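Shown next, in structure tokens, is the structure this report addresses.
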Amino acid sequence: MLKSLAGRTVIVTGGSKGIGRGLALRFGEAGLNVLVVSRHLDQAEKVAKEIGSGASAFVADVADPAACEAMAAEAVGRYGSIDVLCANAGIFPAAKLGEMTAADFDQVIGVNLKGSFLSVSACLPQMKRQNRGRIVLTSSITGPITGYPGWTHYGASKAGQLGFMRTAAVELAPWNITVNAVMPGNILTEGLDGMGEDYLAAMAASIPMKRLGSVADIANTALFFASEEAGYITGQTIVVDGGQVLPESLGALEAMG
Ligand code: NAP
């Protein structure tokens, strides 16, 4: 049983949908104040309402330094602390090499990687004042471990987050600020709605556990990284993918029976 984090404050970027919504709901359930951040107020407010008292919504584009500063100021002004930052906001438009433009590349790096840097930077002054903080990045298996056609920019951004994390963890350790990353495999989110049962079944078939992950699978891991008990863990990753990266070939999957 982990010690309660009730009364602490978490900022969840990209909290209006998908994995971020799962993070926001799980941290809210654990009793934390939750600042749900996205670019659309109505959608962030919907999640804040679902959580109930102690949750509120804020509009910020994580690619914008001033917006990230305003986000951190809102958390401190409203709740008095920033105990946890879930730097989760991310985009994944597909474009193969040869078609991908410099602007496409900049956009994905700008939100996923630079957005992580900007979100972290904005929260640091308060975390340093507290002499305590937990930063949890949502990376991916795509990039650090695997590849997927159309996602060279995305993979670079997700691998880049881990490079950022390792040096940030070293720099911030003197303030008891930990920086860790969850690496999700294929997670069932609203983004996959409408893809059809055959598509989802094919995805599940490539995973040893034969199911897609849930947003709760990711949120529980992030909550562990945010816990008191994880205070001596920094610069580390946990792959949450039902074993997806493990089979060495299609034959290995078929041999499971
Ligand atoms: P999603 O359902 O599309 O949600 C993305 C969230 O990010 C939304 O709340 C979106 O809200 C917000 N967002 C996008 N751009 C933003 C920006 N510039 N500033 C602030 N917020 C922004 O995506 P998801 O699947 O949950 O993915 C969340 C994270 O998990 C991403 O970092 C992704 O790389 C990672 N991930 C996902 C999977 C998966 O299977 N789903 C697997 C591995 C990793 P607005 O549009 O309102 O801003």
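Coordinate-derived values only; no laboratory data. No experiment lies behind these values; they were computed from the predicted model shown. We place every Cβ from the backbone using ideal geometry, glycine too, and count neighbours over all the protein chains shown.
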Exercise for the section: Evaluate the range 132-152: report whether one residue or more is in contact with a Pro (Cβ under 9 Å, 6 or more places away or on another chain), small (Gly, Ala, Ser) and more than 9 Å from the ligand (Cβ to nearest atom). Expected result: yes
Exercise for the section: Pick out the one residue from LEU35, LEU23 that is more than 8 Å from the ligand (Cβ to nearest atom), surrounded by 19 or more Cβ atoms within 10 Å (Cβ to Cβ), touching a residue at least 40 places away in the same chain (Cβ under 8 Å) and outside any helix (DSSP H, G or I). Expected result: LEU35
Handout entry: Residue count for the range 225-257, restricted to those that are more than 26 Å from LEU162 (Cα to Cα) and acidic (Asp, Glu)
Key = 1
Fill in the blank from the handout: Going through the range 211-232 in order, the residues found to be surrounded by 16 or more Cβ atoms within 10 Å (Cβ to Cβ) and more than 22 Å from GLY14 (Cα to Cα) are ALA230
Problem - Filter result (over 14 Å from the mean Cα position of the chain (by Cα) and not acidic (Asp, Glu)) within the range 214-233 - result: SER227, ALA230, GLY231, TYR232, ILE233
Handout entry: Of all residues in the range 1-20 being in contact with a Gly (Cβ under 7 Å, 6 or more places away or on another chain) and surrounded by fewer than 24 Cβ atoms within 10 Å (Cβ to Cβ), the one that is nearest to ALA67 (Cα to Cα)
Key = GLY18
Exercise for the section: For the range 114-153, name all the residues that are out of contact with any Asp or Glu (no Cβ under 9 Å at 6 or more places or on another chain) and crowded, with 24+ Cβ neighbours inside 10 Å. Expected result: SER116, SER119, CYS123, ILE135, VAL136, LEU137, THR138, SER139, SER140
Practice task
Only residues that are within 15 Å of the ligand (Cβ to nearest atom), surrounded by fewer than 20 Cβ atoms within 10 Å (Cβ to Cβ) and either of a type in the set (Gly, Ala, Ser) or closer than 19 Å to ARG26 by Cβ (or both): list them for the range 187-210, please.
Solution key: LEU188, THR189, GLU190, GLY191, GLY194, ALA202, ALA204, SER206
